[in-house]
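Where a number appears in this text, it was derived from the coordinates with a stated rule and is not lab data. Not measured: the values here are computed from a predicted model. Cβ sites come from the backbone with ideal geometry, for glycine too, and all protein chains shown count toward neighbours.
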Amino acid sequence: LRAMAARLGFNFNLDLVRGLRVLSTKSVMFKCDTKHNALWGDAYNELSIGREAYDAIEHLSDTLVNDTSRSVAASLTKKHQRARENIKAGILYRKNFRGPPELSILTSRAREQIAHLSATSPSEWDAVSVSENFPISYRGAGLLLLKQRRNPRRFFRSLDAVVEYDTRSIKNWLTLIEVICTAQVGNHVKASESQIMQVLSSRLPDGLRWIGVENVLNKLAFADGNPALPHPPQTSVEAVNFVKSQHQAGYFQRIAESFYKPIETSSESVSLREQQVSVINKLIPLFKHMDFSVFTQPLMEDTSLTFRTVCRNWLCIDPEPLQLDRSRSPRTRSKVDCDFTKVFRYKRICT
């Protein structure tokens, strides 16, 4: 008990330990007497207990009931008090002083690459290494790796989730480019990196100002993944689709599917993903050279144009659906879902 109490960090009362020891000793003696009497054929209809064992039980109960203040108060050592103070200070900091959250500019492909590197070489790929090879701050990389360690299977399980996440990332890219182009058109900034960083740290929204503070301009080309580093053999969506293809419906699933068929990936999600891939492939080369003249020249020639109009025309985006203006993809899934493969664990299939 003392070893267990020391491991848990508590300082048990000596009277409590002594009472438990006496109680256990008397219990063993009572069992031996019962076995001895049973051999001689004595029948006991009631539980007989000795006076000493009764006194030990009474002493133990009095210790548990009447001595709680001293036992609990004595168990709180300086180490536990310091830990509680640190937890309380962390809560106060997160509530009042942490500031706005950092919006991500990484795509789903880059996040899965970071997760793959962290899973294969956790000692090598820490927050410092990730922040040096990807456009993410040290604090953001630490939070990303912490979530990954807590839930190693934290992946994108559907194409809709990938479309929704990458839509937010592309919107953040366009916000970043719009701030730079607006400053260049107004002659507020030149092509020097220091002036661009100053503009970004002051004119970007609160969630994106870390880009100018952390100076990740030279790493924006790796927002869709670093080509010099290994990628996972399969994306999470491909792994989930492979599990679905190998899954055989059970008895209860067949009954449920007689009333409701699981919704497959819609053609709208597929077209959205194709549009996103084309937009990503056009924007990433601009980040490599940080040359946005394709936007600034039309804006200088025609002052009536807006950045969104020029950007839409250059990216060849259909203005009717305007998918990039949506914060998330439309939800068409019903409340009833018979897709039981979501609860299955899966692993990436090495090819």
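General observations
- Sparsely packed trypsin sites (Lys or Arg not before Pro) within the stretch 101-190, loop by DSSP, other Cβ within 10 Å at most 14: 153, 154, 190
- In this label model, residue 259 and residue 231 are separated by 4.3 nm, measuring between points 7 Å along each Cα→Cβ vector.
- Counting neighbouring beta carbons within 10 Å and listing from fewest to most, the residues 95, 219 come out as 95, 219.
- If the segment from residue 58 to residue 274 were pulled out straight at 0.36 nm per residue, it would be longer than the present Cα-Cα gap by 70.1 nm.
- The GluC sites (Glu not before Pro) found in the stretch 119-210 that occupy coil by DSSP, while having at most 12 further C-beta atoms within 10 Å, are 124.
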